[in-house]
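First the structure, in the form of structure tokens, and then the observations on it.
The values are calculated or read from the model by the stated rules, or taken from the named source; none is laboratory data. Quantities reported herein were computed from a predicted structural model and do not represent experimental measurements. When we count neighbours, we look across all protein chains shown, and the Cβ atoms used for this are built from the backbone with ideal geometry, even at glycine. Only protein heavy atoms, including side chains, enter the accessible area calculation; ligands, DNA and RNA are left aside. Shrake-Rupley method; radii C 1.70, N 1.55, O 1.52, S 1.80 Å.
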Amino acid sequence: MAADRRSGEPGTKSAAPAGQAPVHGTALRARLALYATAAALLFVLERLVPNPVPWVRLGLANIVTLVVLLEHGALSALVVVGLRLVLGAFFAGTLLGPQFLLSGCGAVASWGVMAAAVRWGERLWSPIGVSLLGSAAHAVAQLALANALFATAGALWVLLPFFLGLSIVTGGVTGVLASAVVARLALARRPAVEAAP
Amino acid sequence: MATRRRPTAGDLLLLALLIAAVPLSRRATASGPGSERLLVRSEPAGVQVVDARRDGEFALVGPLGTTRLRLQGGAAWIVESPCPGQLCRRMGRISGPGRVLACVPNRVLVQFEGQADDVDGVSR
């Protein structure tokens, strides 16, 4: 991997993804704000699309989380997750409700697992694998919180097989898309090659 | 990792583990709470607790004679009973928490432990 740490993290050296100058300070904050906006937009738009299967969401906003994680590190990704959660819940009208808590729990668990996977498993898997892990962690965390919140004596765990199966699909799709976005960003950072005279 | 787009062997291993986790988690979460124990009450023997996962046949002695209870595949039913009406045999098989078999004349009651999670019936 070109950089052991991503730009913008505390204690980061000048290393950054190949071809990218270190991004920090105001420039980083501006980028994170754009990322958070994009994530919140994807979050809201996803819910406007008619869906025949209840509770099933592709989690397109997680593409942004993974991209930020790979480009700018775990802390920046956590900032984007927090902003996206608040913005998305605000626009969806679910701020501070049970759905917000469940989304937050899943998103934070997913972020934690993906950050650990990127930190310690860079040679083992690609963004697709990281996304699969994050998606599975999201499902398990949400079910755990739902069981705790609604005092069902563990009855909701019967949904685990369904959500695990779903996480395979959503995690795979978001991983492929995030991988493509990161590759495009890397391509865009390459210096332009002048045409031969 | 940032520029690696093709799935790695680790990705495929993860995918295989997740796919395997689906049926395993289904098996682990399929049983309802308390459905693994069968409570058998008879007089004068009292209450016995039976492991519902183990198949077998039980002889329950009551005032009228012996009621034979069979347990197989997590379901229980009365095979033979000395009562005149044989209603207990017509109750069929029970399984799952809260379900009950009873032979009132012979003082036998069989119940799966736990709370039933659905209604006993619906009136319209």
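On the beta carbon distance between residue A:99 and residue B:17, with R0 = 41 Å, the FRET formula returns roughly 0.90. Per-residue extension of 0.36 nm, minus the Cα-Cα distance of residue A:27 and residue A:188, leaves a gain of 56.2 nm for this segment.
Grouping the Cα pair distances of the stretch B:48-118 into 5 Å bins from zero gives a pair-distance distribution of 4, 18, 30, 25, 15, 7, 1 percent in increasing distance order. For the stretch A:53-119, the convex hull drawn through the C-alpha positions has a volume of 84 cubic angstrom per residue. Distance between the modelled labels on residue A:45 and residue B:75, one decimal in nanometres: 5.2 nm (7 Å Cα→Cβ projection). FRET efficiency for the pair residue B:104 and residue B:24, taken as 1/(1 + (r/R0)^6) with r the Cβ-Cβ distance and R0 = 56 Å, rounds to 0.85. The modelled label-to-label distance between residue B:55 and residue B:87, using points 7 Å beyond Cα along the C-beta direction, is 3.1 nm.
Chains A and B together bury roughly 2000 Å² of accessible area, counting both sides, with a 1.4 Å probe on protein heavy atoms only.
The heavy atoms of residue A:91 present about 130 square angstrom of accessible area, all protein chains included, probe 1.4 Å. The mean number of partner chain beta-carbon atoms within 10 angstrom of a residue's beta-carbon across peptide B:103-109 is 0. Here the stretch A:71-197 is described by how far its Cα atoms reach on the three principal axes: 74, 33, 23 Å, from widest to narrowest. Using the Karplus relation 6.51 cos²θ - 1.76 cosθ + 1.60 with θ = phi - 60°, the per-residue 3J(HN,Hα) values for the stretch A:172-180 come to x, 5, 5, x, 5, 5, 5, 4, 5 Hz, with x marking Gly and Pro.
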